[in-house]
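A.B. asks: My questions will all concern the structure given below.
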Amino acid sequence: TQLLEQSPQFLSIQEGENLTVYCNSSSVFSSLQWYRQEPGEGPVLLVTVVTGGEVKKLKRLTFQFGDARKDSSLHITAAQPGDTGLYLCAGAERTASKLTFGTGTRLQVTL
Amino acid sequence: DTEVTQTPKHLVMGMTNKKSLKCEQHMGHRAMYWYKQKAKKPPELMFVYSYEKLSINESVPSRFSPECPNSSLLNLHLHALQPEDSALYLCASSFRTSGAKYQETQYFGPGTRLLVL
């Protein structure tokens, strides 16, 4: 069974702080997605990264794909309460025809 | 448009009922997926359809029966469910299941929250 470990599992911070979430595996992925999910709703796609070493920015969110395409990170600058949610990474292996989901990071941003 | 729609939003059913969940996308995607998600856990894959054919069944009990009538629609038929089947059921779609990198990206619907009494 392929595993994607995310850390930390839970993070509670105040508005304005910065944070980084990590997603690590021993497997090589052809692409990796990051999603944010709110309670009772479906995961919303934030980004797809496909090239080793790739960095993508989405407003205050910065995503990086590891050089070997085995790991990824999500950095949030100046967190806001609207960033609260469950963050999931998910890797696609070329021949697997399905995603391997990370264990999830629950972020809570308070005023 | 990257929208996947699911109906109903909420469903309460008894263990003897028969019900169906519906999923629809009009993005031209040829891969569609059913997931089950328990609270505070990542989604668990149930079924994968590729070009309207079932390609993956993750050893799901037969009380769950998927159906893909055409390339835009995906159904999940439910019969004789158990209370432990209560969960959020998510549908997703992608251009293809694998191959070209961005084509693997899955887009999720809002989910159906199912409660089995």
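Just so it is clear, none of the values below were taken in a lab; they were calculated from the coordinates. Predicted model only: the values in this text are computed from it and were never measured. We place every Cβ from the backbone using ideal geometry, glycine too, and count neighbours over all the protein chains shown.
A.B. asks: Being in contact with a helix residue (DSSP H, G or I) (Cβ under 8 Å, 6 or more places away or on another chain) and either more than 11 Å from chain A (Cβ to nearest Cβ) or not small (Gly, Ala, Ser) (or both) is true for just one of B:LEU117, B:LEU81, B:LEU88. Which residue is that?
C.D. replies: When all the criteria are applied, what remains is B:LEU117.
A.B. asks: A further question on this structure: Out of the stretch B:8-29, which residues are more than 12 Å from chain A (Cβ to nearest Cβ), surrounded by 14 or more Cβ atoms within 10 Å (Cβ to Cβ) and of a type outside the set (A, V, I, L, M)?
C.D. replies: Matches in the stretch B:8-29: B:ASN17, B:LYS19, B:SER20, B:LYS22, B:GLU24, B:GLN25, B:HIS29.
A.B. asks: Determine which single condition A:LEU88 fails, assuming it passes every other condition in (1) surrounded by 17 or more Cβ atoms within 10 Å (Cβ to Cβ); (2) without any contact (Cβ under 8 Å) to a residue 40 or more places away in the chain.
C.D. replies: With (1) surrounded by 17 or more Cβ atoms within 10 Å (Cβ to Cβ); (2) without any contact (Cβ under 8 Å) to a residue 40 or more places away in the chain applied to A:LEU88, the lone miss is (2).
A.B. asks: Related question: In contact with a Gly (Cβ under 6 Å, 6 or more places away or on another chain) and either farther than 22 Å from A:ALA96 by Cα or surrounded by fewer than 20 Cβ atoms within 10 Å (Cβ to Cβ) (or both) - does that describe any residue in the stretch B:77-89?
C.D. replies: Our first condition is that a residue be in contact with a Gly (Cβ under 6 Å, 6 or more places away or on another chain); within the stretch B:77-89, this holds for B:88.
Now restrict to residues that are either farther than 22 Å from A:ALA96 by Cα or surrounded by fewer than 20 Cβ atoms within 10 Å (Cβ to Cβ) (or both): B:88.
Taking every residue of the stretch B:77-89 in turn, at least one turns out to be in contact with a Gly (Cβ under 6 Å, 6 or more places away or on another chain) and either farther than 22 Å from A:ALA96 by Cα or surrounded by fewer than 20 Cβ atoms within 10 Å (Cβ to Cβ) (or both).
A.B. asks: Still on this structure, I have one more. State whether the residues of the stretch B:21-35 include one that is assigned to a loop (DSSP other than H, G, I, E, B) and of a type in the set (Phe, Trp, Tyr).
C.D. replies: Checking the stretch B:21-35: not a single residue is assigned to a loop (DSSP other than H, G, I, E, B) and of a type in the set (Phe, Trp, Tyr).
A.B. asks: Let me ask something else. The conditions are (1) within 12 Å of chain A (Cβ to nearest Cβ); (2) touching a residue at least 60 places away in the same chain (Cβ under 8 Å); (3) over 28 Å from A:GLN9 (Cβ atoms), and B:ASN57 fails exactly one of them. Which is it?
C.D. replies: (2)
A.B. asks: Using the structure shown, decide if B:TYR33 is touching a Lys or Arg at 6+ places or on another chain (Cβ under 8 Å), in contact (Cβ under 8 Å) with a residue 24 or more places away in the chain and among the aromatic types (Phe, Trp, Tyr). So that I can check it myself, show each step before the final result.
C.D. replies: Working: touching a Lys or Arg at 6+ places or on another chain (Cβ under 8 Å): yes; in contact (Cβ under 8 Å) with a residue 24 or more places away in the chain: yes; among the aromatic types (Phe, Trp, Tyr): yes.
The answer is yes for B:TYR33.
The rows are residues; the columns are (1) out of contact with any helix residue (DSSP H, G or I) (no Cβ under 9 Å at 6 or more places or on another chain); (2) not small (Gly, Ala, Ser); (3) not in a loop (DSSP other than H, G, I, E, B).
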site: B:ILE56; (1), (2), (3): yes, yes, yes
site: B:SER65; (1), (2), (3): yes, no, yes
site: B:ARG96; (1), (2), (3): no, yes, no
site: B:TYR102; (1), (2), (3): yes, yes, yes
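A.B. asks: Does any residue in the stretch A:6-28 that is of a type in the set (Val, Ile, Thr) come within less than 7 Å, Cβ to Cβ, of a residue that is surrounded by 13 or more Cβ atoms within 10 Å (Cβ to Cβ) and assigned to a loop (DSSP other than H, G, I, E, B) six or more places away or on a different chain, and which pairs are these?
C.D. replies: Qualifying pairs under 7 Å: A:ILE13/A:ALA79; A:VAL28/A:ARG69; A:VAL28/A:LYS70.
A.B. asks: Give the residue that is farthest from B:PHE95 (Cα to Cα), with candidates limited to residues of the stretch A:60-107 that are among the aliphatic types (A, V, I, L, M), in a strand (DSSP E or B) and facing chain B (nearest Cβ under 10 Å).
C.D. replies: Selected residue: A:LEU86.
A.B. asks: Further question on the same structure: Within the bounds of the stretch A:22-34, is there any residue that is within 9 Å of chain B (Cβ to nearest Cβ), at negative phi and surrounded by 20 or more Cβ atoms within 10 Å (Cβ to Cβ)? Give the derivation first.
C.D. replies: Taking the stretch A:22-34 first, the residues within 9 Å of chain B (Cβ to nearest Cβ) are A:30-31, A:33.
Within this subset, residues satisfying the condition of being at negative phi are A:30-31, A:33.
Then keep just the ones that are surrounded by 20 or more Cβ atoms within 10 Å (Cβ to Cβ); that gives A:31, A:33.
Checked against the condition, which is being within 9 Å of chain B (Cβ to nearest Cβ), at negative phi and surrounded by 20 or more Cβ atoms within 10 Å (Cβ to Cβ), the stretch A:22-34 yields at least one hit.
A.B. asks: Tally time: how many residues in the stretch A:29-65 are touching a residue at least 12 places away in the same chain (Cβ under 8 Å) and under 12 Å from the mean Cα position of the chain (by Cα)?
C.D. replies: Number of matching residues: 17.
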